[in-house]
Every structure is written in C-alpha cells, then in structure tokens.
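**Student:** The structure follows.
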Amino acid sequence: MLTLQSDAVLLDHHASDWRDALNQAGQALMEGGLAREGYRDALFEREQQASTWLGNGIVIPHGTQKSREHVLATGVRLLQFPQGVEWHDGNRVHLIITIAAQSDEHLDILRQLTHVLDREGVSEKLARADDAEEVVRLLSKAPVTARLDGDTIVQGVPARSALELTAAAAARLEQLGCVDRRFVADILAQQAISLGQQLWLVRSATGVTQPALGLALPQAHVDGVAGIFCLAESGNAHDVLLDRLVKVLEEGKGEELARLGRDALLARLSGESASAETVRVRVRNAHGLHARPAKQLVQVARAQGMPVRVRLAEGGNEAVSAASLTKVIGLGARRGQMLIFSAEGAGAREAVEAMAEALRGGLGEEVTPLGETSDARPSRNRQTPREPVVAPAADTPLTAVPASPGMAIAPVFVMRPPEFHYEETASDREVQKTRLGEAIKEAEQQLEEMIRAAGGEVAEILSMHEEMLGDPELREAAYEAINEGKSAEGGWWRAIDVAARAQEALADRLLAERAADLRDVGRRVLGNLCGVKMPDPPTHPYILVTDDVGPSDVARLDTSRVRGILTARGGATSHSAILARALGIPAVVGAGEAIMALENGIDMILDGERGRVIPAPDPERRARTELSIREREIREREAFEVRFEPAVTLDGHRVEVAANLGNTAHAADAVERGAEAVGLLRTEFVFMAHPQAPDLDTQIVEYRQAFDALGPDRALVARTLDVGGDKPLDYWPVPAEDNPFLGLRGIRLALTRPDVLETQIRALLMAAGDRPLRVMFPMVKDVEEFHAGKAIFDRVQAEVKASDVQLGVMIEIPSCALLAPSLAEHVDFFSIGTNDLTQYTLAIDRGHSRLSAQADGLHPAVLRLIQMTVEAAHAKGRWVGVCGELGSDPQAIGVLMGLGVDELSVSSRQIPLVKQRIRSLNLEDSRALALRALACPTAVEVRAMLESLT
Ligand code: PEP
Ligand code: MG
C-alpha cells in the first residue's frame with residue numbers, strides 16, 4: 001500500500017501559478033526516479049479532465065490510465081507551498097501530493113486523507129510546517145473514535161443498584177482490553193453524573209488503553225436508573241459519541257434507549273433516527289468499497305432526492321452521508337462487512353432499497369456471492385453445513401488439467417484441510433498480539449528449516465512465503481483486528497483472508513494464483529496458534545488428493561512416497577504445479593470438488609500427460625496401466641543411456657532436439673541430459689529473478705553462463721523479453737487490461753522500451769562472442785513488427801562483433817503463420833510457440849482450469865498453421881523449430897516431423913525420451929501420418945487416429 005513517508009516531503013516550494021507548481025511536482029517525480037517525462041504531461045491532462053483538488057489546501061495530481069506506461073515505480077512526492085498557489089479551479093493549494101501510480105494506488109492515499117478533510121486548521125498547519133515529519137504527522141494522524149459496539153453494551157444485568165450496574169459496565173470494558181484494573185477502581189470510587197431521563201454517566205481517563213463507551217442496562221427495575229454509560233476517555237476521541245448521545249437526550253428518547261434491542265440501540269447512538277427506514281446489505285465487492293464502486297454508490301444516493309445515510313454495522317461508527325464520496329470511502333468497508341443504509345420521510349423505503357439494490361448489483365464490478373469464492377477458509381467453531389459432494393465413479397476416467405507429466409498408480413491419500421477450532425474474539429489484546437507474534441516466529445523457523453532442506457525452486461518459493469510472513473501490512477491488519485476484539489487466530493485469519501481475496505480478484509492469473517501461497521502461509525501460523533499438526537500421510541506410496549495443495553505442502557512431500565498429485569482446484573501455472581514439475585511428480589489439477597469425497601486408500605491411476613485420473617480402476621485396466629508404467633520406466637532408462645546420440649529416424653532423417661530453459665544456470669544440466677542446443681531461453685525469467693531490470697553487465701554474466709555450458713558448437717536460441725499476458729514483471733508494470741493476453745505483451749511491449757530491448761540484444765551479442773547465437777522476437781503479428789525489432793537489432797549488431805548470429809521470430813499468433821511467406825524472406829528462422837499458437841487459434845485461455853484440456857496443439861487448425869509456416873520457411877531455405885509443449889508430446893512428435901519441423905525444443909527432462917521417440921519413427925510414414933492428421937476435423941479425431949496406429 002502506498003504510504004506517506006517523510007523522505008517524500010519537499011518543503012518550501014514557490015510557484016508563480018498552478019502550472020508552475022504542477023511542473024515542479026512532475027519534476028519531483030522524475031528526479032525521484034518514479035516517472036518519465038511523459039507522465040508530467042499526463043498530470044496536466046488529468047487536471048484538464050477534472051481538478052484533483054481534495055480539500056483543505058490539498059491537491060493530489062496523478063496521471064491518466066494511459067500514462068501508466070511512463071511510471072517507473074509507484075511512489076509519491078509531497079510539495080509544500082507555504083505561500084499557497086491558486087489552483088485552476090479557484091481553490092488555494094498549500095500541499096501537492098503527486099502520485100506516480102501503476103494502478104489505483106492514489107485511492108489508498110485518498111482514503112488515508114479523508115479524515116484530514118474534516119479537520120479544521122489543517123491547511124494552515126500544513127502551510128506552516130517546517131519539518132517533513134510534521135507534515136506526515138498532520139496527514140497521517142487518524143482521529144481515534146471511542147469504541148462503541150455490541151460488545152461494549154451489557155444488557156440484562158441482574159443488578160439491584162447503580163453501583164452494581166457501574167461495575168458491570170466497567171468490568172466489560174476491562175474484559176475487552178480497553179481499560180485496566182486502575183480504571184475499574186477509579187470508576188467505582190466515583191459518583192455517577194446524571195444525564196437526565198434516568199441515564200447516568202461515569203468517566204475516567206485512568207488506565208485507558210483504548211477509548212470506549214460502555215453501557216450497562218439492568219435486567220429488572222433499578223430505582224431511578226435506566227442505564228449507566230461508562231466512558232473510558234482519552235483526548236477527545238469520545239466527542240462525537242457524546243454529541244450523538246446528547247442529541248438523543250435532547251429528543252427526549254433517553255429512557256427509550258434502555259428498552260431497545262442491541263442493534264436498534266446502536267443505530268440510535270450512531271445518529272440514525274428511530275423513525276428511519278433502514279436496510280442492511282453485505283459488501284460483496286472483492287476489494288470492498290474502494291473508490292470506483294463508492295463513486296457509483298454516491299451517485300445512486302444523490303439521485304434519491306433525500307438524504308441517505310450509511311454506516312458499518314460493526315463498531316460504533318457514525319452514520320455518514322451516502323452522498324459524500326470521501327465519507328463513503330472513509331468507511332473502509334471491506335468485502336463481507338455489513339452496511340446499513342437509512343433514510344427518513346416519504347419515499348425513504350424506496351431510497352434505501354435502491355441503495356441496497358445498487359450495492360447488491362456490484363456497483364459496476366462483478367461480484368461473487370459470499371461463500372462462493374474459492375475460499376480455503378479454516379473451519380471455525382460454527383461451520384456452515386455444505387452440500388454433500390459425490391465422489392467420482394469407479395473405473396471411469398475423469399479429465400482435468402495436466403500439470404506435470406508422468407503416470408502413476410497407487411492408493412489415494414485425501415488430505416482434508418485440518419480443522420482449526422478457536423475462539424473468534426478475545427479481550428486480552430496484548431496477550432493475543434504476543435501469541436500471534438510467537439506463532440509467526442515459529443512459522444518463520446519452520447520455513448527456514450524447510451528452505452535449508454529443500455534448495456532449488458522449492459526453496460525459492462518457500463523464501464517467498466517467508467517474505468509474506470514478514471509483510472508488516474499483514475501483521476498490522478491482524479493487530480488492527482485484534483484491537484477490534486478479535487483473538488489472535490481470528491485476527492490473523494481475517495488479515496489473510498482479506499489479502500487472499502484481493503489477490504484472487506486480480507485479472508492477472510499468475511498473480512491471482514498467489515492467493516494459494518497466502519492461505520498456505522496463513523494456515524501455517526494458524527496451525528501453530530491452535531496446536532494443530534497437518535495430517536500425517538501414509539508410510540506407503542500414495543497419490544495425494546487435495547483441495548488446492550499449498551506450495552509448502554508440496555515442498556514437505558516425501559518424493560519417495562508421493563507418486564502423484566491430484567487437486568480439486570488450481571491451474572497449470574500455480575506454484576504447486578510448478579513445484580510438482582520441478583520435483584518430477586506427475587500431477588493433474590483443477591479436477592473439481594468431487595475428488596475430495598474419494599475414499600482414502602482406494603487405488604487410482606493418474607496420467608499427468610493427458611490430465612486424466614481413473615479412481616478404482618478395474619483389474620484389467622489396472623494391469624494395462626501397470627504394464628505401461630513399467631514400459632515407460634524401461635524406455636526412460638534406455639533413452640537416458642543413449643541421450644548423447646543424435647535423434648535420427650529409421651530412414652536416416654535427423655531432427656535436432658534442444659532444451660527449453662528459463663534459467664541460464666540450468667544449461668549445464670540440459671547438456672548433461674543430451675540437449676543439442678538451447679532452443680528457447682525464456683529471458684523474461686532472467687529478468688524476473690532480479691528486483692529491478694538487470695543492467696548490461698549483469699545480463700552478460702547471466703547469458704555467458706549458458707554459452708559456457710553449451711560450448712562452442714551448441715546454439716543458444718534466446719527469445720527477447722516476453723513480458724505481459726501471463727508473465728508479469730514487477731518493475732515493468734503493464735496497465736490493467738481487460739484482456740491481457742490480447743494486450744500489450746511480447747514484442748509489442750518490448751518496443752515501448754527500445755532502450756531495454758537494445759541493452760538485452762547488446763548483452764546477448766557480447767556474451768556470445770564467436771559462439772552460435774540465435775535471437776528471436778516473441779508474439780510477432782506481422783512483418784512490420786519484426787522490422788521494428790530488427791531495426792534495433794541491426795543497430796546494435798553494427799556496433800558489437802558476434803560472428804555466428806541469426807535473427808528469427810516466434811510463430812505464436814495465427815496471423816504470423818498465415819503470413820509466413822512474407823516473413824520468411826526477412827528472417828533466418830522460425831520457432832513455433834505452440835502454446836500460444838493453440839491458445840490464439842482455438843480461443844481458449846491456455847491456463848483455463850476447465851477448458852485448457854481442450855486447448856490441444858494437435859488440433860488440425862493448429863497443424864495447418866504449422867504446415868503453412870514450414871512450407872513458407874523451407875521455400876526460402878529457413879529452418880523451423882517447435883518450442884511449445886507440443887514438441888514433447890509423444891503422439892505429436894511424428895506429426896510434427898512429418899510436417900517438416902527441423903528442431904524440437906522441449907524441457908530438459910524430456911530430451912532423452914523425445915530423441916528416442918524420433919529414433920523409432922520413419923520420416924516417410926510420418927509424412928503420411930501428418931497428412932491424415934491434417935484431414936481430420938477435430939483434435940479428438942487426430943488423437944484417436946494416432947492411437948489406433950500404436
Ligand atoms: C509458446 O507460446 O509456445 C512458447 C514457447 O512461449 P511461452 O510458453 O513462454 O509463452
Ligand atoms: Mg508464448
């Protein structure tokens with residue numbers, strides 16, 4: 001979250017007019033390394049659309065949607081103008097808070113500032129402040145409101161005297177952790193003050209840790225006492241509450257208070273009148289009531305033609321005007337919280353219903369019903385009964401998403417999420433915070449141990465978990481919840497749940513999948529708090545069946561016993577899937593909730609290549625599978641023994657087999673597995689491994705590592721940076737897009753930063769020297785884009801000597817395959833990215849948890865595009881590789897060869913098997929096979945035809 005820090009404050013600025021002031025603000029962002037020149041223009045553009053005047057001498061200039069490409073890093077600069085500047089809307093500005101934002105971060109700032117707008121004299125104080133800390137303090141100090149909620153009210157006290165009632169009220173505040181013993185002692189020594197209407201007040205500032213207003217109401221009649229208010233005061237935090245109480249008394253409704261139910265009583269004390277029409281609605285927006293939906297809600301309120309008020313049902317908050325944007329945002333309503341709308345007079349019912357309707361409709365956002373989101377919420381004491389799910393039928397194949405290749409047959413171990421039983425609330429706040437702190441520390445130690453034991457990719461992911469644990473905002477959110485009366489467990493899970501839901505709502509699938517990591521971290525701490533151990537897996541080999549296996553669960557797996565993983569949720573790009581691949585465990589993901597109903601111990605066949613599982617297979621099927629697993633093991637062993645031999649068909653045709661890499665450090669391993677080249681270096685992963693864009697020297701070191709491992713004869717095919725779509729880069733933010741896969745990604749994005757592309761090409765050429773380097777551009781749609789990239793390439797090549805270089809394009813977009821003849825003239829080679837080519841040809845998101853099984857590269861439409869590409873390339877004497885997953889599909893290898901593909905680039909582990917498969921084929925037969933496949937109408941028929949021949 002964007003926060004205001006003193007080092008971002010720049011004091012004592014002077015400007016001739018608002019333009020000059022805004023210029024200075026833009027300059028400050030640039031000098032701070034937060035934005036480029038173009039962003040300054042955007043600040044002006046934004047002011048033209050609407051003034052960013054906030055109130056109380058403050059403006060918050062920020063860029064427009066499309067200017068986000070000029071943002072280098074999210075940040076803020078605060079410029080003080082002691083003499084003030086007249087803004088273009090006539091307001092006088094003393095403070096410019098200018099924001100370089102990659103998404104809607106300015107809303108965080110806006111929310112933090114809403115309280116400043118109500119405070120008198122802040123503008124002058126901001127103008128006079130001569131110390132940066134003072135400015136931040138003035139802006140950050142949120143006014144504390146005394147607590148008044150369902151818990152601070154004690155009804156039905158069996159008291160016979162005013163003193164007993166007073167004691168009950170004070171004791172409740174002590175239980176809630178708002179006060180200590182000294183407060184209680186002080187209160188009991190006091191004489192209560194009469195408020196009239198049989199209501200009394202006792203107050204003290206001794207021993208107060210959180211200002212609060214308690215109220216004790218007797219069960220039966222107590223002479224002259226309808227209720228006693230007990231005030232734990234601190235500063236003027238209680239002013240608003242007392243004002244509201246006075247208003248109720250002025251209306252003569254004091255005695256009535258004591259007879260109301262808790263909700264009605266709170267409603268009255270929140271400023272809602274007794275005759276108000278009210279309606280309660282839960283917020284279902286993923287990010288709560290942030291600025292965009294808040295704005296819509298405000299518009300609905302303004303259209304009602306009468307004042308509509310709104311408040312949070314929890315806490316003693318005042319009902320605020322639903323027509324005020326800052327007030328509505330200031331509520332800070334989160335998903336799941338209850339809002340109460342109220343209005344009075346004729347038409348009030350319709351007005352509040354209209355508000356409720358608008359909120360239920362999502363206010364312009366898509367909302368999911370509460371409880372229907374993918375939520376791994378730990379069970380609490382009270383659990384909502386769930387619909388019983390029926391386990392998949394015996395001996396019937398169930399298809400889901402293939403996530404890690406390989407085949408297994410073993411009994412299943414269904415890992416049902418552990419039950420966490422805990423009290424949701426607690427009154428001893430400090431104790432709860434200490435408990436939470438200790439549980440987090442314990443979790444950190446557990447993770448550190450696991451990281452030491454794991455190493456590699458597993459360790460990297462667990463380190464990310466460690467970082468999540470250390471996130472101060474997560475801890476702060478939990479503390480905040482504890483301050484509101486939650487227990488350590490309740491507070492921690494609320495913080496995790498809110499953060500995970502926000503993450504899940506992100507359009508970017510990769511980022512959204514990090515929600516599983518958050519929940520995993522959350523459960524670890526919860527387990528420590530509740531003393532719950534994760535269920536112990538069996539000691540014999542098994543297939544793990546789980547809802548959505550957390551990365552640390554995978555890391556904990558004993559790979560000698562886990563034969564396969566099957567999950568109900570998750571996509572192929574989830575960390576769990578990545579880890580399963582890294583550990584070489586076959587996995588199928590996204591199989592649906594029904595698998596959780598499988599009986600522990602039944603046998604299951606899991607096919608990680610086709611994404612299929614068969615529970616309780618009949619003996620015949622089981623025997624067939626066992627045989628094919630054994631055959632595969634034998635094939636793997638044999639293939640590994642001859643991995644360094646070339647892949648030559650029975651009739652003497654050679655196909656080069658290369659490795660796909662994301663990390664240059666793995667090049668040596670690829671060579672050791674028989675790679676004849678690196679056919680695809682996904683250089684964006686090199687970039688992702690650095691917290692900021694690696695400079696020229698850093699990149700040279702990285703690429704050189706691959707060249708050194710490959711030696712003088714094996715080529716390195718490096719794809720230039722392919723960011724965007726499913727591959728976000730933190731420090732290269734891409735504006736939020738409705739369809740990131742159809743947006744600014746690949747070469748399109750790289751061309752917006754020619755400097756980055758140029759540095760990368762320079763580093764590749766310098767690292768290569770005399771060794772064979774092939775450079776290719778990703779996601780090219782036509783020759784024009786290729787030429788734009790080539791112009792940069794030519795410029796650098798003219799300066800840097802590298803003797804064996806070729807330039808090519810990836811064929812990933814159908815347009816490029818259709819226009820291959822026009823490209824073939826200009827390129828040295830094509831490399832077909834079948835993952836994206838299939839996605840764009842069949843219009844199926846490649847990571848879609850339900851559809852991706854249909855995104856089959858053996859679809860005849862994709863095969864035709866491959867055929868066109870190869871024919872165009874060979875007509876001009878160019879070579880063609882396939883670097884998508886299709887290249888390692890045993891069924892597809894013959895078809896691709898028959899279509900004329902010259903090189904297959906596959907994951908390192910697959911190299912020996914792919915080579916062996918080629919050795920078993922005959923080019924002439926493969927050509928005939930390819931023709932038959934091209935003539936099929938669907939992918940299913942292609943596969944059926946191929947299967948019938950084996
Ligand atoms: C492809 O799209 O097939 C490809 C190899 O690129 P990536 O999977 O990295 O998008
Ligand atoms: Mg691709």
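The values are calculated or read from the model by the stated rules, or taken from the named source; none is laboratory data. Quick caveat, the model's predicted, so the values are computed rather than measured. Cβ placement follows ideal geometry from the backbone for every residue including glycine, while neighbour counts extend to all protein chains displayed. Side chains included, ligands, DNA and RNA excluded: accessible areas come from the protein's heavy atoms. Shrake-Rupley method; radii C 1.70, N 1.55, O 1.52, S 1.80 Å.
**Student:** Once you list every other residue whose beta carbon is under 14 Å from the beta carbon of D41, what net charge do they have if Lys and Arg are +1 and Asp and Glu are -1?
**Tutor:** Counting the neighbours of D41, the net charge comes to +2.
**Student:** Once all Cα-Cα distances of segment 150-269 are split into 5 Å bins that start at 0, what whole-number percent is in each one?
**Tutor:** For segment 150-269, the pair-distance distribution reads 2, 13, 24, 26, 22, 11, 2, 0.
**Student:** So how much accessible area does L213 have, in Å² to the nearest 10, using a 1.4 Å probe?
**Tutor:** The value for L213 is about 0 Å².
**Student:** Considering only protein heavy atoms and a probe of 1.4 Å, how much of the accessible area of segment 174-244 is carbon and sulfur, as a whole percent?
**Tutor:** 48
**Student:** If you line up the long axis of helix 106-118 against the longest principal axis of the chain, both from Cα atoms, how many degrees apart are they, to the nearest 10?
**Tutor:** Long axis of 106-118 versus the principal axis of the chain: about 10 degrees.
**Student:** Restricting to bridges with both residues inside the chain, how much of the DSSP beta-bridge set is antiparallel, in percent to the nearest 5?
**Tutor:** 50
**Student:** Highest mean first, what order results for 396-405, 224-233, 10-19 on Cβ atoms within 10 Å?
**Tutor:** For the peptides 396-405, 224-233, 10-19, the packing ranking is 224-233, 396-405, 10-19.
**Student:** What does the charge add up to near D130, with Lys and Arg as +1, Asp and Glu as -1, over the other residues with Cβ less than 15 Å from its Cβ?
**Tutor:** Overall, the nearby charge balance is -2.
**Student:** Rounded to the nearest 20 debye, what is the charge dipole size of the chain about its Cα centre when +1 sits on each Lys and Arg Cβ and -1 on each Asp and Glu Cβ?
**Tutor:** Computed charge dipole of the chain: roughly 1180 debye.
**Student:** For E124 and H826 in one chain, what is 0.36 nm times their gap in residues minus the Cα-Cα distance, to one decimal in nm?
**Tutor:** 246.1 nm
**Student:** Just report the Cα centroid separation between segment 151-173 and segment 587-612, whole Å.
**Tutor:** Using only Cα atoms to place each centre, the spacing works out to 57 Å.
**Student:** How big is the gap, in Å, between the Cα center of segment 228-266 and the Cα center of segment 777-808?
**Tutor:** That distance is 74 Å.
**Student:** If I fit a long axis through the Cα atoms of helix 754-768 and take the longest principal axis of the Cα atoms of the chain, what angle between them do I get, 0 to 90°, rounded to 10?
**Tutor:** 40
**Student:** Restricting to DSSP loop positions (anything but H, G, I, E, B) with no more than 14 other Cβ atoms inside 10 Å of their own Cβ, which trypsin sites (Lys or Arg not before Pro) remain in segment 240-319?
**Tutor:** Here the trypsin sites (Lys or Arg not before Pro) that fit, given the DSSP loop and packing criteria, are R259.
**Student:** Return the distance in nm (one decimal) between the two label points of a simple spin-label model at R452 and V800, each offset 7 Å from Cα along Cα→Cβ.
**Tutor:** The two pseudo-label positions are separated by 4.2 nm.
**Student:** Placing +1 on the Cβ of each Lys and Arg and -1 on the Cβ of each Asp and Glu in segment 651-948, which of S822, L744, L904 has its Cα farthest towards the positive end of the resulting dipole?
**Tutor:** L904
**Student:** May I pose another question? Using only the heavy atoms of the protein chains and a 1.4 Å probe, how would W53, W732, W493 rank by accessible area, largest first?
**Tutor:** In descending accessible area the options line up as W53, W732, W493.
**Student:** Give the lysines whose C-alpha is closer than 25 Å to that of K327, dropping any in the same chain fewer than 8 places away, or say none.
**Tutor:** K125, K141, K247, K295
**Student:** Can you give the Rg/Rh ratio of the chain, where Rg is from the C-alpha atoms and Rh is the Kirkwood radius?
**Tutor:** Rg divided by Rh gives 1.03.
**Student:** If one computes the Cα centroid of segment 427-452 and of segment 1-44, what distance in Å separates the two points?
**Tutor:** Using only Cα atoms to place each centre, the spacing works out to 41 Å.
**Student:** For G57, what charge total do you get from the other residues with a beta carbon under 9 Å from its beta carbon, if Lys and Arg give +1 and Asp and Glu give -1?
**Tutor:** Counting the neighbours of G57, the net charge comes to 0.
**Student:** How would you order 473-482, 183-192 from highest to lowest mean count of nearby Cβ atoms within 10 Å?
**Tutor:** Peptide ranking by packing, descending: 473-482, 183-192.
**Student:** Right, here's the next one. Run down the lysines and flag those whose C-alpha is under 22 Å from the C-alpha of K790, throwing out any fewer than 8 positions away in its chain.
**Tutor:** Candidates past the 8-residue exclusion: K781, K801, K876.
**Student:** Can you put H465, H88 in order of accessible area, largest first, using a 1.4 Å probe?
**Tutor:** Most to least solvent-accessible, the answer reads H88, H465.
**Student:** In a Debye calculation with equal point scatterers on the alpha-carbon sites of segment 240-331 and no solvent, what is log10 I(q)/I(0) at q = 0.14 Å⁻¹?
**Tutor:** Result of the Debye calculation: -0.55.
**Student:** Q692 versus Q190, label points 7 Å from Cα toward the beta carbon: distance in nm?
**Tutor:** It works out to 5.5 nm between the two label points.
**Student:** Applying a 10 Å radius around every beta-carbon, put 764-773, 865-874 in order of their mean neighbour count, most first.
**Tutor:** Sorting 764-773, 865-874 by mean packing, highest first, produces 865-874, 764-773.
**Student:** What number, rounded to the nearest 500 deg cm²/dmol, is the helix-based mean residue ellipticity at 222 nm of the chain, given -39500 (n - 2.57) per DSSP H run of at least four residues and division by all its residues?
**Tutor:** Calculated at 222 nm, the ellipticity per residue is -13000 deg cm²/dmol.
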